[in-house]
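Here the structure is laid out as structure tokens; the discussion comes afterwards.
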Amino acid sequence: MLIEPARITIALADDQALVLSGLKALLGGFAQFRVVAEAADGAALLEVLQGVAVDVVLCDIRMPLLDGFEVCQRLRAYTNAPPVILLTTFDDSSLALRAVEVGAKGFLLKDASPAELVDTIEEVAAGRSVVAPIATDAVRARYAYRDQGPPTGNFSKREIDILRLLAGGYTNREIGQAIHVTEGTVKNYLMDIFDKLGTRDRTRAVLKAITLKVI
């Protein structure tokens with residue numbers, strides 16, 4: 001007898017009905033996901049989560065009654081609270097930093113592709129943190145780095161995450177908080193990144209990574 005593989009159960013929260021139904025329809029098209037709860041505001045989401053266990057919460061930041069940040073903060077008091085991915089329309093690095101501070105495990109712009117959404121949910125469900133790629137096209141067009149020699153090695157997913165956080169202006173301490181490693185470990189990662197890119201500091205590393213489309 002064939003045993004159906006376990007699916008990732010998801011709770012959705014968004015005060016815009018079209019967005020909520022769109023997300024539900026989109027995720028329903030993937031065999032590995034199952035939407036088991038939905039809510040139109042943060043307070044309703046918390047109430048729903050008291051009665052159903054989910055693997056991942058996909059939650060808009062701007063909602064009535066309780067916003068996504070407050071949802072994350074209140075979930076800290078829950079036993080075995082599910083990880084939260086916060087969604088927003090606004091490409092603002094301060095929102096990403098705030099998301100990290102309140103304990104969100106993912107932060108994603110609403111114009112992300114379905115593939116990016118799927119990858120983020122799967123990564124967060126597996127216990128990892130995911131930061132949305134920053135908007136780099138404008139930076140690449142205006143500040144192309146003069147040295148466009150290829151990196152001396154491939155970049156791991158963790159190194160890519162660190163570069164994206166670096167590009168968002170995060171400090172070593174904040175990067176460590178976001179990916180759950182010590183500040184010293186972040187420094188070690190940065191040294192490896194600088195070596196691969198052939199750069200000497202954070203600014204040059206970010207500009208070259210953007211120019212080469214590493215991020």
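Bear in mind these aren't lab numbers, they're just calculated from the coordinates by the rules spelled out. The shown structure was predicted, so the numbers you read here are calculated from the model rather than taken from an experiment. Note that we place each Cβ from the backbone using ideal geometry, even for glycine, and neighbour counts take in every protein chain shown.
Give the relative contact order (percent, whole number) for the range 137-211; include only Cα pairs under 8 Å separated by 6+ residues.
The normalised contact order for the range 137-211 reaches 48 percent.
Mean separation of Cα pairs under 8 Å and 6+ residues apart, divided by the residue count of the chain: what relative contact order is that in percent?
Once divided by the residue count of the chain, the mean separation gives 15 percent.
Would you work out which of T9, Q148, A81 lies farthest towards the positive end of the dipole of the chain? Charges go on Cβ: Lys and Arg +1, Asp and Glu -1.
Q148
Over 18 Å between Cα atoms: which of K157/K187; K105/K157; K24/K157; K157/K196 fall into that group?
Correct reply: K24/K157.
Note the listed values [x] 43, 22, 14; [y] 26, 19, 16; [z] 33, 18, 17, then indicate which one is semi-axes √(5λ) of the Cα gyration tensor in Å calculated from this particular structure.
Here semi-axes √(5λ) of the Cα gyration tensor in Å agrees with entry [z].
Under a crude label model (7 Å from the Cα following the beta-carbon direction), how far is V19 from E116 in nanometres?
It works out to 1.5 nm between the two label points.
Starting from the 7 Å offset along Cα-to-Cβ, what nm value, one decimal, do you get for the label separation of T89 and R62?
With each label point 7 Å from Cα toward Cβ, the separation is 0.6 nm.
Tell me the Rg and the Dmax, in Å, that the Cα atoms of the range 8-131 produce.
Gyration radius and largest Cα-Cα distance of the range 8-131: 12.8, 34 Å.
Roughly how many debye, to the nearest 20, is the charge dipole of the range 46-106 about its Cα centre, given +1 on each Lys and Arg Cβ, -1 on each Asp and Glu Cβ, and no other charges?
Taking the Cα centre of the range 46-106 as origin, the dipole is about 160 debye.
Which value, in debye to the nearest 20, describes the size of the charge dipole of the range 137-211 about its Cα centre when Lys and Arg Cβ atoms bear +1, Asp and Glu Cβ atoms bear -1, and nothing else is charged?
For this selection, approximately 200 debye.
How do 73-79, 120-126 rank on mean C-beta neighbours within 10 Å, highest first?
The most tightly packed comes first, giving 120-126, 73-79.
Which FRET efficiency value, to the nearest 0.05, is calculated for R158 and K213 with the Förster distance at 25 angstrom and r the Cβ-Cβ distance? Before the final figure, lay out the partial values.
Values: r = 18 Å, r/R0 = 0.74.
Computed FRET efficiency for R158 and K213: 0.85.
For the range 8-131, with only Lys/Arg (+1) and Asp/Glu (-1) charged at the beta-carbon, what is the dipole magnitude about the Cα centre, in debye rounded to 20? Mind showing how you got there, number by number?
Values: 9 positive and 17 negative charges, 61 e Å.
That gives a dipole near 300 debye.
Ignoring solvent entirely, what values of log10 I(q)/I(0) come out of the Debye formula for the range 137-211 at 0.14, 0.20, 0.25 Å⁻¹ when each Cα is a single scatterer?
Summing over Cα pairs of the range 137-211 leads to -0.41, -0.82, -1.20.
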